[in-house]
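Have a look at the structure below, then the notes.
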């Protein structure tokens, strides 16, 4: 396997690293904010020894690594942007509540007030489904699947653990001063919120913990009113594999950690106002008519939440003398003496490796002094992938057996007979096999074709390149699939059922003589 390093190229000492040139809502770019953080008047922390010139740095890659071809320069899109109807009507004095326009006539105002008063009395969101599907809840209990609504979580036998997770999340939000409760102003956009539930698994496929996250319904935010820029880089999978290959070649330690409630560290700028409905069941003392929460931080689900956290992380890493890789803005590195430190960030999950264990420990101590993190130690689980390392053979294997089991259960394919190939070579798929009658079309309407193919894509681009061709083929017919196409998708799942133990090995080639 040829591994090319594109994300950790060395740069001369003192070279300035700019943050993404985006606006912070006050007409000031975050490049100015970075300058303010890294100004000569403020001290800059260093990890380990004083940074030295790159000329004396040893080659950690070896001559088996080939330089990548030059990439074309990127430029901003020149597409014209027009103000949406939401924006125009909001500026005209008409409010927006969770994506629904509220007109300034008295009848509509009374209806909206009655709606919010009802929410305050019952403590329930109007879009929560009141119907509990007992069969779905029973299957979820048996298979430990994630509930999609708070009502579904209440109907399960493990509701006690979900309730504990909700209380823990509300406590974290209160400690971080996430919002302040105010009367709802007139003619403002008010976004909704919902609970998202997730069961965390460990490397051996056992339940690690129950996690409840309160997220804002950012889809109802209005561009130009309560958000501007949203792009937040994360480390690409190719970069993660490259760093793992470098660590395997040099027999470096690889450790992982994650930030607790990372988005709550991203503060909103002055004048950047986001109003959100209070979470279901939230109680507050006082005589209020229409309570809303004015966010003080970028909550999960908000449009700019990921960007605010990324900028906060960039400022912190810059104070620690880390440099951002130009080819992948989710990767950072540090040269100190003859040692090197590599950091890959994927939102709140981070992987760190380097030539010196003491340098890795010093870096994690600096992070712990600034944020609350979970130190997971040596890597064995990363982004829902199991990591198996053989230090004697200098290899690292990535597998997703737990994810394969989860999607087989999700689409009720657990009892399918396994196959040895992902596609039938005797069947030629074409658009002519689309439904030709209303009966066939009605039958395909209730088949989750696109969702099943999307679940396979996550595997194909991750740890299972052996199904990439088959997945790309069935994805071509997602617009109007027929039963023949659906049988081809089932064929891929049958192949996965028989090969769920396969792993993607990351290793280096032998050195050239």
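Would you check if residue 327 is in a loop (DSSP other than H, G, I, E, B), at negative phi and surrounded by 21 or more Cβ atoms within 10 Å (Cβ to Cβ)?
Details: in a loop (DSSP other than H, G, I, E, B): yes; at negative phi: yes; surrounded by 21 or more Cβ atoms within 10 Å (Cβ to Cβ): no.
No: the conditions fail for residue 327.
Closer than 29 Å to residue 191 by Cα and buried (at least 20 other Cβ atoms within 10 Å of the Cβ): which single residue out of 308, 294, 372 fits that description? Steps first, answer last, please.
Numbers: 294 fails: buried (at least 20 other Cβ atoms within 10 Å of the Cβ); 372 fails: buried (at least 20 other Cβ atoms within 10 Å of the Cβ).
Of 308, 294, 372, the one residue that is closer than 29 Å to residue 191 by Cα and buried (at least 20 other Cβ atoms within 10 Å of the Cβ) is 308.
Pick from 182, 157, 190: which is at pLDDT 85 or above, surrounded by 15 or more Cβ atoms within 10 Å (Cβ to Cβ) and over 14 Å from residue 214 (Cα atoms)? Give the derivation first.
On the way: 182 fails: surrounded by 15 or more Cβ atoms within 10 Å (Cβ to Cβ); 157 fails: surrounded by 15 or more Cβ atoms within 10 Å (Cβ to Cβ).
From the options 182, 157, 190, the qualifying one is 190.
Can you confirm whether the range 448-459 contains a residue that is surrounded by fewer than 19 Cβ atoms within 10 Å (Cβ to Cβ) and modelled with pLDDT under 90? Steps first, answer last, please.
In the first step, residues of the range 448-459 are kept if they are surrounded by fewer than 19 Cβ atoms within 10 Å (Cβ to Cβ); the result is 448, 450-451, 454, 457-458.
Now narrow it down to the ones that are modelled with pLDDT under 90: 458.
The answer is yes; a qualifying residue exists.
Got a sec? Which of 383, 334, 359, 341 is on the phi > 0 side of the Ramachandran plot and in contact with a strand residue (DSSP E or B) (Cβ under 8 Å, 6 or more places away or on another chain)? Write out each step before concluding.
Working: 334 fails: on the phi > 0 side of the Ramachandran plot; 359 fails: on the phi > 0 side of the Ramachandran plot; 341 fails: on the phi > 0 side of the Ramachandran plot.
Testing whether each residue is on the phi > 0 side of the Ramachandran plot and in contact with a strand residue (DSSP E or B) (Cβ under 8 Å, 6 or more places away or on another chain) leaves just 383.
Give, as residue ranges, the helices (runs of 4 or more DSSP H) completely inside the range 395-513 that count at least 2 residues that are within 30 Å of the chain's Cα centre (by Cα). Please lay out each step first, then the result.
Numbers: elements: 401-410, 438-445, 449-460, 468-475, 483-498.
In the range 395-513, the matching helices (runs of 4 or more DSSP H) lie at 401-410, 449-460, 468-475, 483-498.
Residues of the range 221-260 being touching a strand residue (DSSP E or B) at 6+ places or on another chain (Cβ under 6 Å) and in a helix (DSSP H, G or I), which ones?
Those that are touching a strand residue (DSSP E or B) at 6+ places or on another chain (Cβ under 6 Å) and in a helix (DSSP H, G or I): 239, 240, 241, 243, 244, 245, 247, 248.
Conditions (1) part of a strand (DSSP E or B); (2) in the same structural domain as residue 293 (by TED's automatic domain parsing); (3) in contact with a strand residue (DSSP E or B) (Cβ under 9 Å, 6 or more places away or on another chain), marked per residue:
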| residue | (1), (2), (3) |
| --- | --- |
| 167 | no, yes, yes |
| 174 | no, yes, no |
| 177 | no, yes, yes |
| 180 | yes, yes, yes |
| 186 | no, yes, yes |
| 204 | no, yes, yes |
| 211 | yes, yes, yes |
| 219 | no, yes, yes |
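Quick one: would you say residue 284 is buried (at least 18 other Cβ atoms within 10 Å of the Cβ) and in contact (Cβ under 8 Å) with a residue 60 or more places away in the chain?
On the way: buried (at least 18 other Cβ atoms within 10 Å of the Cβ): no; in contact (Cβ under 8 Å) with a residue 60 or more places away in the chain: yes.
No; evaluated as a whole, the condition is false for this residue.
Of the residues 277, 366, which single one is at negative phi, surrounded by fewer than 20 Cβ atoms within 10 Å (Cβ to Cβ) and touching a residue at least 12 places away in the same chain (Cβ under 8 Å)? Before you say what the answer is, go through the steps one by one.
On the way: 277 fails: surrounded by fewer than 20 Cβ atoms within 10 Å (Cβ to Cβ).
Of 277, 366, the one residue that is at negative phi, surrounded by fewer than 20 Cβ atoms within 10 Å (Cβ to Cβ) and touching a residue at least 12 places away in the same chain (Cβ under 8 Å) is 366.
Does residue 263 satisfy being touching a helix residue (DSSP H, G or I) at 6+ places or on another chain (Cβ under 7 Å), assigned to a strand (DSSP E or B) and under 29 Å from residue 167 (Cα atoms)? Walk me through how you get there before you give the answer.
Details: touching a helix residue (DSSP H, G or I) at 6+ places or on another chain (Cβ under 7 Å): yes; assigned to a strand (DSSP E or B): no; under 29 Å from residue 167 (Cα atoms): yes.
So residue 263 does not fit the description; no.
Only one of (1) within 29 Å of residue 171 (Cα to Cα); (2) modelled with pLDDT of 90 or more; (3) out of contact with any helix residue (DSSP H, G or I) (no Cβ under 6 Å at 6 or more places or on another chain) is not met by residue 212, so which one is it?
The failed condition is (3).
The values are calculated or read from the model by the stated rules, or taken from the named source; none is laboratory data. No experiment lies behind these values; they were computed from the predicted model shown. Cβ atoms come from the backbone with ideal geometry, glycine included; neighbour counts cover every protein chain shown.
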